[in-house]
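To keep things clear, I will list the structure first and then write my remarks on it.
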Amino acid sequence: MLGVRLLSKMARLAPRPVLPSGSDSLAIYGREEAVRVAVVTVLGLDVSDGFSVLEVVRKALERTHRIVCVTDCDAFFALYRAGALIEHVPARSARLRCASDLRWSDYLRDRHDLLIAKWRPEVVLAYGDSFERIIELAVADESEAA
């Protein structure tokens, strides 16, 4: 009986969804104010360069924004330990390991669109290659292969 009462009490105390304005809004649980997000792309950079970029961005934006670091480096844990949220995108070289019916440029476009929809960033900063640049490179690779 104690378990049922506890669960009932927890259900009453659970946060209710906060629905942002707009027809495509998702139910977001938690704080009512919107979280300001800065997406920082460090595509094509190694971990030490990505870490340096992250330090600069953190000094400028950490107090006002949640920082999401988009990287194609497989050793991204150092960036995570530095306090950034990590979104990993497979590196250009990974294209050869992925046997898929989906063209690489289409995959990258979809991944970019999903990241923007997921985080709804207020700021997007690109160090190294931008997402747009890696999509252009993928299109060029596909054109050469055809």
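The values are calculated or read from the model by the stated rules, or taken from the named source; none is laboratory data. Since this is a predicted model, take the numbers as computed values, not measurements. Because the Cβ atoms are built from the backbone with ideal geometry, glycine has one as well, and the counts that use them run over all protein chains shown.
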Could we say that VAL53 is in contact (Cβ under 8 Å) with a residue 12 or more places away in the chain and touching a Cys at 6+ places or on another chain (Cβ under 7 Å) here?
-> no
When LEU114 is run through (1) surrounded by 14 or more Cβ atoms within 10 Å (Cβ to Cβ); (2) within 13 Å of the chain's Cα centre (by Cα), the failure sits at (1)
Condition set assigned to a loop (DSSP other than H, G, I, E, B) and over 19 Å from SER48 (Cβ atoms), scope region 90-110, selection modelled with the lowest pLDDT: answer is ALA99
Taking region 31-48 and keeping residues under 18 Å from ARG92 (Cα atoms) and part of a helix (DSSP H, G or I) leaves VAL47
Any hit, region 124-134, residues being part of a helix (DSSP H, G or I), touching a His at 6+ places or on another chain (Cβ under 7 Å) and surrounded by 14 or more Cβ atoms within 10 Å (Cβ to Cβ) | yes
